[in-house]
Each structure stands twice: as C-alpha cells, then as structure tokens.
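Student: Please read through the structure below; I'll follow up with questions.
Just so it is clear, none of the values below were taken in a lab; they were calculated from the coordinates. Just so we're clear, the structure is a prediction, and the values are computed from it rather than from any experiment. Cβ sites come from the backbone with ideal geometry, for glycine too, and all protein chains shown count toward neighbours.
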Amino acid sequence: MRVLIIDDAPMAQLLIRETLSPNDFEVIEAENGEAGIQLAVERLPNLVLLDILMSSMDGFACLKGLRDRLERAIMIYLTSDGRFCTLSPRNKPSSIYPAMSCLTQKYGKPRGQ
C-alpha cells in the first residue's frame with residue numbers, strides 16, 4: 001500500500017514514516033499542500049495522511065485539490081494539536097498511535113509481499 005504523508009512538521013513525518021515503514025508500507029512525503037498534490041498526481045497513493053494546520057496551504061484547501069485529482073485514495077486528516085492526543089497502550093500521550101495501529105491491523109502488509 002502506498003501512503004502519502006502531507007505535513008509541514010518534519011517530526012510528524014518522521015513519526016508516521018517510522019510507524020509505517022517497518023510494516024512494509026511504501027511511504028511518500030510532502031512538506032506542504034502544493035507538493036502533496038503534485039506527488040499524489042505522480043505516484044497515485046492508496047492513502048493520504050493530511051495535516052490540517054499547514055502554513056502555505058491548509059489541509060482543507062489541499063483536500064479540495066486532491067479530490068479533484070484522485071478518485072480512489074482514502075484521505076485522513078491529522079493534527080499534532082495537543083487537544084487531540086489520546087493514550088497509547090502504555091498510557092503515554094500519543095496522537096499518532098491509534099490511527100497507525102488501526103491502519104496496520106486493517107491493511108497489514110501490502111499485497112504480493
């Protein structure tokens with residue numbers, strides 16, 4: 001499965017990449033909405049993880065551009081805003097664990113591997 005991460009926070013990209021890559025997801029990264037739309041057109045991801053709060057083009061505008069160009073990709077909004085944090089199984093704050101865990105459990109390894 002090809003996953004496109006669109007996020008202007010390098011640490012958020014790193015956390016997502018380090019969660020998905022060991023599970024054999026192909027991870028593509030874009031540092032802003034414009035670059036994300038371009039990569040989406042070129043690489044046709046199955047899943048887009050999209051930051052809501054970005055500086056140049058926010059996630060809502062980026063989503064509109066993606067919807068106009070991608071027909072089949074699943075798109076999930078993310079935010080690193082602390083108000084949206086949840087607890088991981090070890091009771092440590094983590095805003096990314098539940099989404100990544102669910103994704104890995106649902107899709108597992110990419111087909112053909």
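Student: Could you give the length gained on full extension between K64 and M11, defined as 0.36 nm per residue of separation minus the Cα-Cα distance, in nm?
Tutor: 16.6 nm
Student: If each of R72 and E42 carries a label point 7 Å out from its Cα toward its Cβ, how far apart are those two points in nm?
Tutor: In this crude label model, R72 to E42 measures out at 2.2 nm.
Student: Within a 10 angstrom radius of the beta carbon, how do L53, L4, L63 rank from fewest other beta carbons to most? Mind dumping the intermediate values first?
Tutor: Working: L53 14, L4 25, L63 19.
Starting with the residue having the fewest Cβ neighbours, the order is L53, L63, L4.
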